[in-house]
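Some notes on the structure that comes next.
Readers should treat all values here as calculations from the given coordinates under stated rules, not as data from a laboratory. For clarity, every value in this text was computed on a predicted model and none was experimentally measured. Note that we place each Cβ from the backbone using ideal geometry, even for glycine, and neighbour counts take in every protein chain shown.
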Amino acid sequence: MKAPDLLRLADNVVLARFETMKVYAALGAVRTLLDRGTVRPGQTLVDSSSGIYALALAMACHRYGLGCHIIASTTVDAAMRAQLEILGATVDQMPPSDSLRLDQERRVRRVRQLLAERGDLHWMRQYHDGIHYAGYQEFADLVDTALPGTPLTVVGAVGTGASTGGLVQPLRRRGRDIRLLGLQPFGSVTFGSEGFSDPEAIIAGIGSSIPFDNVRHDLYDTLHWVDFRHAMAGAVDLLRTHAVFAGLSTGAAHLVTAWEAARNPDRM
C-alpha cells in the first residue's frame with residue numbers, strides 16, 4: 001500500500017502511482033511520535049483532512065493500536081468516509097461549502113474545540129509539523145535506486161509541502177541534480193494567489209486558504225498555476241492515453257509534466 005508503482009509514460013517521464021498517497025507521511029510521523037514517547041498506545045490522534053491524509057492516518061493508527069479522529073472536509077465522499085469508519089476512525093464532517101477558506105477554517109476551529117474538551121487527544125498538525133517529512137526518506141531511496149544518475153525534475157502539488165519537500169531534500173543531500181516544480185490552484189495563499197479565484201471547483205489538497213508552516217518555499221524552483229478545466233483535461237488524457245485513473249491533482253501534474261518534458265528533454 002505504501003510504495004508507489006513507477007510507470008514510464010514517455011522516454012523521460014515516470015509517474016509514481018500511489019495506491020494511497022501520504023502513507024509515508026502518516027506512518028513516518030506516527031512511528032516517530034511513538035519512538036519519542038510523545039504519544040502512547042491507545043491514545044487518540046486527531047487531524048483535519050480533505051481525504052487522502054485521513055485514510056493514511058487511519059491505517060497508521062489501525063496498525064499501531066491508536067485511536068483516530070478525523071475532521072473531514074466537505075469534499076470527503078461516502079466511499080472514503082466508509083473506509084475511515086471501517087478502519088476504526090471516527091469522523092466529523094464539515095457541511096457543504098463553495099469556499100476552500102471557509103471549509104479549512106471550520107475544520108481547524110473544530111480541532112481546537114476538541115482539544116479544549118479532551119486532554120487525551122494528540123493533534124497531528126499535518127499542515128504545520130515537520131515530522132511529516134520523515135517518512136519520505138524511504139520514497140527518496142526508491143527513486144534514487146530506480147532512476148540513478150540522471151538530472152531529475154520532480155513535479156507535484158504543493159499542498160502541505162511534505163510529499164514534494166520530503167522527496168527532494170534527501171536527494172539533494174546526496175548531490176543529485178534535482179529541480180522541484182510545484183502546482184498551485186488559483187486562490188491559494190501559499191505563494192500569494194489569494195487575490196484570484198477559480199469559481200469552477202475547489203481542488204482540495206493542492207493549495208490552501210491558510211498559511212502552512214510545512215511548506216518550505218525555498219525548495220521550489222518553479223511554480224505552475226493550474227485551473228479546474230486544465231486539471232480535468234490532464235486527468236482525462238492520463239486515463240485515455242495510459243489507462244491510469246487518478247484525480248485532479250495528478251491530472252494537473254500530468255499536464256505540467258508534458259509541457260516541461262517537451263522543453264527539457266535532457267532531464268527525467
Would you work out the charge dipole size for the chain about its Cα centre, treating the Cβ of every Lys and Arg as +1 and the Cβ of every Asp and Glu as -1, and quote it to the nearest 20 debye? 520
Please list the non-local residues whose amide H lies under 5 Å from the amide H of Leu9, H modeled 1.01 Å from N, same-chain partners needing a gap of 5 or more. Val14, Leu15
Least to most buried among Val189, Val226, Val39 (fewest other Cβ within 10 Å first): Val189, Val39, Val226
Once you have the Cα-Cα distance between Ser97 and Glu138, take 0.36 nm times their residue separation minus that, and quote the gain in nm to one decimal. 11.1 nm
10 Å Cβ shell holding at most 14 others, DSSP loop, chymotrypsin sites (Phe, Trp or Tyr not before Pro): longest site-free stretch of the chain: 1-195
What distance in nm separates the two pseudo spin-label positions at Glu117 and Thr38, each 7 Å out from Cα along the beta-carbon direction? 2.5
Counting other Cβ atoms within 10 Å of each Cβ, which trypsin sites (Lys or Arg not before Pro) in segment 163-264 have at most 14 and sit in a DSSP loop? Arg174
Anyone know which of Pro211, Pro96, Pro170 comes out most mobile in the 10 Å Cα GNM of the chain? Pro96
Of all trypsin sites (Lys or Arg not before Pro) in segment 106-166, which ones are in loop regions per DSSP and have a Cβ with at most 15 other Cβ atoms within 10 Å? Arg118
Expected 222 nm ellipticity per residue - DSSP helices of 4 or more, -39500 (n - 2.57), all of the chain, to 500: -13000 deg cm²/dmol
Semi-axis lengths (Å, descending) of the ellipsoid that matches the C-alpha gyration tensor of segment 1-148: 28, 20, 13
Potential lengthening between Asp237 and Arg17 on full extension [0.36 nm per residue; Cα-Cα distance subtracted]: 77.6 nm
Counting sequence-distant residues (5 or more places) and residues on other chains, those with an amide H built under 5 Å from that of Leu180 are Val154, Asp221, Thr222
Sequence-distant residues sharing a close amide H with Val91 (under 5 Å, placed H): Ile70
Suppose R0 equals 25 Å. What FRET efficiency, 1/(1 + (r/R0)^6) with r the Cβ-Cβ distance, do Arg31 and Asp218 give to the nearest 0.05? 0.35
Cα convex hull of the chain, projected area averaged across orientations, nm²: 13.9
Which order do Ile52, Ile70 fall in if you start with the one that has the fewest other Cβ atoms within 10 Å? Ile52, Ile70
Can you give the extra length, in nm with one decimal, that the chain gains between Ala82 and Arg267 once fully stretched, where that is 0.36 nm per residue apart less the Cα-Cα distance? 62.4 nm
Segment 92-146-segment 183-244 distance, computed between alpha-carbon centres (Å): 18
If you rank His254, His69, His230 by fewest surrounding Cβ atoms within 10 Å, what's the result? His230, His69, His254
